[in-house]
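Read through the structure below, which is laid out as structure tokens, and then see the notes.
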Amino acid sequence: MNILVCISQVPDTTTKVKFTDNNTRLDTTGIQWVINPWDELSLTRALELKDDASSGVAKVSVALVGPVSTEPTIRKALAIGADDAYRVDTEALDAYQVAAQLAEVVKAGSFDIILCGIESSDYNGSNVGGMLAEFLNYPSVSGISNLDVKDGQVQVSREIDGGKEMIALPTPFVGIVQKGIAKEPRIAAMRGIMMARKKPIQIVESAPVEPLSQTLAFEPPQPRPACNFIDPDNPEQLITLLQNEAKVI
Amino acid sequence: MSVLVYTENWNGKFKKLSFELASYASRLAEMLNMDPIAVSIGQVDRDELEKLAGYGIKKMIAIENDALKQFDTQTYTKVIADIASRESAKLLVLANNNAGKSLAPRLSVRLKAAVASGVGQLPEKLSPFVIKKRVFSGNALAGLELRTETKIITLAQNSFDLIEKPADMVIEKAEADLAGIAPKTSIKDVQIQTGKLLLSDAEIVVSGGRGMKSPDNWGPIEELAGLLNGATACSRPVSDEGWRPHEEHTGQTGKIIAPNLYFAIGISGATQHLAGISASKYIVAINNDKDAPIFEAAQYGIVGDATKVLPKLVEALRKAKSA
Ligand SMILES: Cc1cc2nc3c(=O)[nH]c(=O)nc-3n(C[C@H](O)[C@H](O)[C@H](O)COP(=O)(O)OP(=O)(O)OC[C@H]3O[C@@H](n4cnc5c(N)ncnc54)[C@H](O)[C@@H]3O)c2cc1C
């Protein structure tokens, strides 16, 4: 059984984002690029399954849609333990165009489980995984917080109103992953970093797909009004404010 | 032509977000000169269905197939896409929650419709169609142009006020045509744990951080949540320590939520935490460090030891409730 983890690279989570060119582009100067946090957790879970002989998972690959400048991020994924990688050589323009490219990678390969993160921490779209599944006509489950594979049988779980639901599904499928799928992201050890240099990155020519949307400009969010401090010995005042001013309780 | 809303119910009652979606879609339909219509899947009584008429919906398509008791994304996608085609829907409006995130992208490919997700306001321009959405985990807004004839919007919870606008609504009970699409997923087991709505759909959330010192101090947090009919949450170190289940972890790498009211108790307000909660309408912070960054995000704050302040707050609320 083979797993493909779709990864995107995002600015490190502590980045103070700035924009350039009349606020039409992200200012990338000084940005540290990392693997999107949920993708990192997906990769970790995929590698845990591969380590467990009873799962039947033989190989873990990663795929990223992006120009050559994204290769350090791919090397990171290889250093963490992925066996090989695909890079679709084009700028990522919107979720639709990215998912369409990933669908070509999936069709050309032989993957049983495809994992995507629930969203990327930059554009917060929550779209690529579901779009990919629809392009492929594969079943998908979104927001999975658990993935078990035993002898090729797959079970995932997701939260629902009131609790949790355990779902069995056939391969191939797309799992769209949220927190809980793995505890801590795996980090690369020295040996992994050395080995990553020799692992193959297959460069895939991009398919001619037009994006459906375009980001025109960015702006900072509305600043919040200053905090209204309340005397700790007078919690009644907070309740009054929440009732009469904010009207939320 | 129409604007189509995908409503959600739980145990036969519409979730509040369904009324938000209806309010939003009615305004949008007005701007576009289209009809606002809604689809409801599941067992919902006529009286409950009627409620959407109060928010401007002109037609309600109620689908009750037994086979749709299970939320299978492929089946649901087909059902909604069929209705969208039949009703010439040019805009589909869903919630930006688990259900919306499961369906919107699949519908996008099926209908070749561009998606704007996590939207909090009406479009800025109609042609070209430009709409703002939150990006970089709330640290910026992006103006997004949707270039397709059919478009999909997922609305952030609590971002759009309810607008009451009574309409004459027809209710059309329909059977979905499920020929040839047996769901591939099957539910093996359901564990009822919280008995509550999903954290991401909760209106009020009471959240504790490392400043709570020990899992033994969670009593008043649960009490406060109970009194307010809210959900409990926590910061990442708290779930990492195993003080609370990981389902409660909010932030960049946990749940991204936008309740009406968020209590951050003993939470410093690191950027990664704020990334998951900054879209909350109101934030109340309780922290013993007056310089904690959480106070920059909060509208109301109490500087003090949470273990002392919280019991007093719970007591005061109990009194206010019984008064
Ligand atoms: C890649 C990455 C992703 C991350 N993702 C997340 C995420 O999704 N969610 C998240 O929450 N964090 C996340 N973090 C961690 C984040 O950076 C912070 O470390 C974390 O949010 C801090 O949690 P805290 O506020 O509970 O604890 P602390 O930072 O320890 O703060 C505790 C606060 O409690 C106050 N306090 C102490 N005692 C009391 C008392 N008696 N009464 C009142 N107040 C008291 C202190 O003044 C302090 O402000 C992430 C970090 C990284 C690197």
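The values are calculated or read from the model by the stated rules, or taken from the named source; none is laboratory data. Model, not experiment: these values are computed from the prediction. Here Cβ is always computed from backbone atoms with ideal geometry, including for glycine, and neighbour counts include all displayed protein chains. Keep in mind that these areas ignore ligands, DNA and RNA; they rest on the heavy atoms of the full protein, side chains included. Shrake-Rupley method; radii C 1.70, N 1.55, O 1.52, S 1.80 Å.
The table below gives the values:
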quantity	calculated
For chain A, convex hull volume per residue from C-alpha positions, Å³	192 Å³
Entries of A:198/B:188; B:15/B:255; A:16/A:164; B:165/B:188 with Cα pairs more than 31 Å apart	A:198/B:188; A:16/A:164; B:165/B:188
Mean separation of Cα contacts under 8 Å, 6 or more apart, over the residue count of region A:5-55: relative contact order %	43 percent
Shielding by partners, peptide A:116-124 (average Cβ within 10 angstrom, other chains)	5
Listed peptides A:192-200, A:76-84 by packing density, highest first (mean Cβ within 10 Å)	A:76-84, A:192-200
Residue pairs, from the table B:51/B:125; B:151/B:196; B:13/B:69, whose Cα atoms sit over 25 Å apart	B:51/B:125; B:151/B:196
P(r) weight above 42 Å for the protein assembly as shown, C-alpha pairs, percent	19 percent
Other protein chain Cβ atoms within 10 Å, averaged over every residue that makes up B:140-149	6
Potential lengthening between residue B:127 and residue B:82 on full extension [0.36 nm per residue; Cα-Cα distance subtracted]	13.6 nm
Shielding score for B:70-79, defined as the mean number of other chain Cβ atoms within 10 Å	3
Dipole of region A:41-153, positive end: most advanced residue of A:58, A:102, A:88 [Cβ charges, Cα centre]	A:58
Rounded to the nearest 20 debye, dipole of region B:2-174 from Cβ charges on Lys, Arg, Asp, Glu	600 debye
Tilt relative to chain B, helix B:16-32 - C-alpha long axis, 0 to 90 degrees, to 10	50 degrees
Total charge dipole magnitude, the protein assembly as shown, about the Cα centre, Cβ charges on Lys, Arg, Asp, Glu only, Debye to nearest 20	480 debye
Total accessible surface hidden between A and B, rounded to 100 Å², 1.4 Å probe	7400 Å²
Percent RCO, i.e. relative contact order, over chain A, from Cα pairs under 8 Å lying at least 6 residues apart	24 percent
Calculated FRET efficiency for the pair residue A:31/residue B:305, C-beta based, R₀ 45 Å, to 0.05	0.70
Cβ crowding within 10 Å averaged over residues, with A:115-127, B:71-83, A:204-216 ranked highest first	A:115-127, B:71-83, A:204-216
Cα gyration tensor shape of region A:82-212, rounded if a/c is under 1.5, else prolate or oblate by comparing a/b with b/c	oblate
Low-density loop positions, GluC sites (Glu not before Pro), region B:129-235 - DSSP coil, at most 12 other Cβ in 10 Å	B:149, B:164, B:175
Label-point separation in nm, residue B:173 to residue A:155, each point 7 Å along Cα→Cβ	3.8 nm
For residue B:135, residues with placed amide H under 5 Å, excluding near neighbours	B:140, B:141, B:142
Residues of region A:152-182 with amide N under 15 Å of a point placed 7 Å along Cα→Cβ from residue B:10	A:159-165
Added length on full extension, which subtracts the Cα-Cα distance from 0.36 nm per residue, residue A:226 to residue A:246	5.8 nm
Convex hull per residue volume in Å³, alpha carbons only, for region B:201-285	75 Å³
Whole-Å distance, taken between Cα centres, linking region A:42-100 and region B:127-147	28 Å
12 Å beta-carbon shell around residue A:46, net charge (K/R +1, D/E -1)	-3
Portion, in percent, of the accessible area of region B:2-174 that falls on carbon or sulfur, probe 1.4 Å	44 percent
From phi via Karplus (6.51, -1.76, 1.60), per-residue ³J(HN,Hα) for region A:179-185 in Hz, x at Gly/Pro	3, x, 4, 9, 6, 10, x
Burial ranking of peptide ranges B:229-237, B:21-29, B:315-323 (average Cβ count within 10 Å, highest at the top)	B:21-29, B:229-237, B:315-323
